[in-house]
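Working notes for the structure below.
The values are calculated or read from the model by the stated rules, or taken from the named source; none is laboratory data. This one's a predicted model, so the numbers in the text were calculated from it and none came from an experiment. No Cβ is skipped: glycine too gets one built from the backbone with ideal geometry, and neighbour counts run over all protein chains shown. Ligands, DNA and RNA are excluded from the accessible area calculation, which covers all protein heavy atoms including side chains. Shrake-Rupley method; radii C 1.70, N 1.55, O 1.52, S 1.80 Å.
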Amino acid sequence: MYPVQRSGRRLGLRELTVDDVDAVFAVYGDPKATEHLSFEPRTREQTGHIVARSVAAATAEPRTEYALAVVAPPSGRLIGFARLAMDPHQQRAATMGFALRPDTWGVGHGTETVRLLLALAFEDLSLHRVWGARSPLNAASARTMVAAGMTEEGTIRGHIQKAGHWRDSVVHAILAEEWKPQRSP
């Protein structure tokens, strides 16, 4: 499916472009934004490679990754990055993740972003299961995934190595039959 464009009440998802490098770097290069992610802050060059790879992957057949810009209409300003990747170990399943600029936190943008990803997964791609992993210390992400309808399933021990230390991850998931689309305002 290309191009992806989804709109929510306050946010939208769209395909990344090569012009998005600086806006994605504002997220991926920020130590606060990446504190609970699986990687250290990225350099602008690394971010450029990520965006270029994501733009190329968008037209792959079959498409296995949906790396998307989270935008705030009507300006279209990029405030985050969202990703849905087909899980090669599960039938009709995908992993999801997202990161938003810290100056946009605390107003429900995370929940809306996750709901937009889940709508893509269940309504457009007819997936059966979507799961995401978070840092055990990221209480905001836990609240966000639960608010979006996901269930905490358990802990993957020693899952992520970051800053020279192994960290657990807490898994949240949702099945197609649990998905409840939101009504339009």
Note to self, the chain gives a 222 nm [θ] from helices alone (DSSP H runs n ≥ 4, -39500 (n - 2.57) apiece, / all residues, nearest 500) of -7000 deg cm²/dmol
Lys, Arg +1 and Asp, Glu -1 on Cβ, resulting dipole of region 1-147 about Cα centre, debye, nearest 20: 400 debye
Carbon/sulfur fraction of accessible area - the chain, other protein chains in place, 1.4 Å, %: 52 percent
Considering only 119, 60, 76, whose Cα is most displaced toward the positive end of the charge dipole of region 55-185, charges sitting on Cβ of Lys, Arg (+1) and Asp, Glu (-1)? 76
Over the chain, what is the relative contact order in percent, taking alpha-carbon pairs closer than 8 angstrom and at least six residues apart? 19 percent
accessible surface per residue for the chain, probe 1.4 Å, DNA/RNA/ligands not counted, whole Å² -> 53 Å²
Cβ-Cβ FRET estimate between residue 30 and residue 166, R0 fixed at 22 Å, reported to 0.05: 0.40
Pulled fully out, how much extra length does the chain show between residue 87 and residue 72, if you take 0.36 nm times their separation in residues and subtract their Cα-Cα distance? 2.6 nm
Using 0.36 nm per residue of separation minus the Cα-Cα distance, give me the extension gain between residue 155 and residue 107 in nm, one decimal. 14.6 nm
Can you tell which of 24, 135, 88 lies farthest toward the positive end of the dipole of the chain, using +1 and -1 charges on the Cβ of basic and acidic side chains (Lys, Arg; Asp, Glu)? 135
If the elastic network links every pair of Cα atoms under 10 Å, which of 47, 95, 155 fluctuates the most in the Gaussian network model of the chain? 155
Any idea what the dipole of region 95-185 comes to, in debye rounded to 20, about its Cα centre with Lys/Arg Cβ at +1 and Asp/Glu Cβ at -1? 260 debye
Return the loop-located trypsin sites (Lys or Arg not before Pro) in region 77-185 (DSSP other than H, G, I, E, B) with at most 15 other Cβ atoms within 10 Å of their own Cβ; answer none if there are none. 92, 183
Tell me the label-point distance for the pair residue 176, residue 40, using the 7 Å Cα-to-Cβ offset, in nm and rounded to one decimal. 4.2 nm
So if the hydrodynamic radius of the chain is defined as the Kirkwood radius over C-alpha pairs, what does Stokes-Einstein give as its diffusion coefficient at 25 °C and 0.890 mPa s, in µm² per second? 147 µm²/s
